[in-house]
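To keep things clear, I will list the structure first and then write my remarks on it.
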Amino acid sequence: MLTVRGLHKSFGDNHVLRGIDLDVRRGSVTALIGPSGSGKTTLLRSLNGLAMPDAGTITAAPSPAPDGDAHGDVARPGRRDPLVLDFSRKVTKQQRFALRDRSAMVFQLHNLFPHRTVLQNVIEGPVQVRRVPRAEAVSRATALLERVGLAEKCDAYPHELSGGQQQRVGIVRALALRPELLLFDEPTSALDPELVGEVLAVMKELADEGWTMVVVTHELQFARAVADEVLFLDGGVVVERGVPERLFRDPREERTRRFLHRLL
Ligand code: ADP
């Protein structure tokens, strides 16, 4: 679905991404792990055009339109041509928007609009950005909220929810956009420990349903259980990558070993 080659990004003198290659297969879960400051979030943000790399390419494969209902086309038209962003040349605003359109991001926390109800938060994107008719957006949002056990919270405000419930709304808000790719930026790191499980459970369900996901996470057990591929980043490079079973059991690189040893 996505092919990333030779991605570089600096903030001033800080060379944060130093030649990242990444392949995201449709229906796969990719976990990005590594110490704080290693460039995970910057890489994730590059995948949806929120961060602008200085060099390298991101190629998004042609995409089928979501099937199911008559409004699928309005929400996200399919694309017959690959999308190629070459950051060493000029990348247009349209290309960035086209890339962003394909994915939806779930952030750490506190990104719900505080003065809007849960339902209003969820339909905002589909209605404003994707031009889905309101009634259709409401019916989809309600179904999604039901799925994550929050049907009765439709009219609640974010501050009336627990952190775990807020984060499940954040996930529903991303799903409501019907993205091809779900990006998670440490979705549980701001939660109290007892609330982490309910959010990871929803993410696991999505993975089982075949969603394509890229997840920045400190939850190594989750990465181990759910990811198809794990990338260990340190200092802006992918030090090691592989299937979790192998990478966690038998890391080849000393840096990976030290990192895992500290956390597991
Ligand atoms: P990680 O997600 O692995 O913790 P980040 O990608 O968030 O790493 O950050 C990598 C480095 O880039 C850090 O040194 C951070 O301070 C820097 N950085 C990230 N975003 C910005 C920004 N918008 N402006 C300046 N520096 C940034």
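None of the figures in this text is laboratory data; all of them are computed from the coordinates on show. Keep in mind that what you see is a predicted model, and the values were worked out from it rather than measured. Using ideal geometry, Cβ is built from the backbone for each residue, glycine included, and neighbour counts are taken over all protein chains shown.
Structural remarks
- Cross-link reach is defined here as a Cα-Cα straight distance under 17 Å, omitting same-chain residues fewer than 8 places apart; for Lys153 the aspartates and glutamates meeting it are Glu124, Glu198.
- Rounded to the nearest 500, the helix-only mean residue ellipticity at 222 nm of the chain stands at -10500 deg cm²/dmol, with each DSSP H run of n ≥ 4 adding -39,500 (n - 2.57).
- For the chain, relative contact order (Cα pairs under 8 Å, six or more residues apart, normalised by length) works out to 25 percent.
- Gyration tensor (alpha-carbon) shape descriptor, the chain, a/c threshold 1.5: oblate
- Computed FRET value (nearest 0.05) for Glu146 with Glu194, which takes r as the C-beta separation and R₀ as 22 Å: 0.40
- Span-rule helices in the chain, defined as complete DSSP H runs reaching 24 Å or more along the axis (Cα) with Kyte mean at least -0.5: 193-209
- Cα centroid separation, the range 208-264 to the range 135-157 (Å): 33 Å
- Net +/- balance of residues flanking Val172 in space, Cβ distance below 11 Å, scoring K and R +1, D and E -1: +4
- Spacing of the modelled spin labels on Glu253 and Met52, each 7 Å from Cα toward Cβ, amounts to 2.9 nm.
- Whichever lysines have a C-alpha closer than 24 Å to that of Lys93, once near sequence neighbours (fewer than 8 apart) are set aside: Lys9, Lys40
- What the Cβ-Cβ distance of His159 and Arg25 gives, at R0 = 30 Å and to the nearest 0.05, is a FRET efficiency of 0.15.
- Total formal charge among the other residues, if their Cβ is under 10 angstrom from that of Arg5, Lys/Arg +1 and Asp/Glu -1: -3
- Surrounding net charge for Glu186, when Lys and Arg each add one and Asp and Glu each subtract one, Cβ distance under 10 Å: -1
- GNM top mover of Leu175, Leu32, Leu50 - the chain, alpha-carbon springs below 10 Å: Leu50
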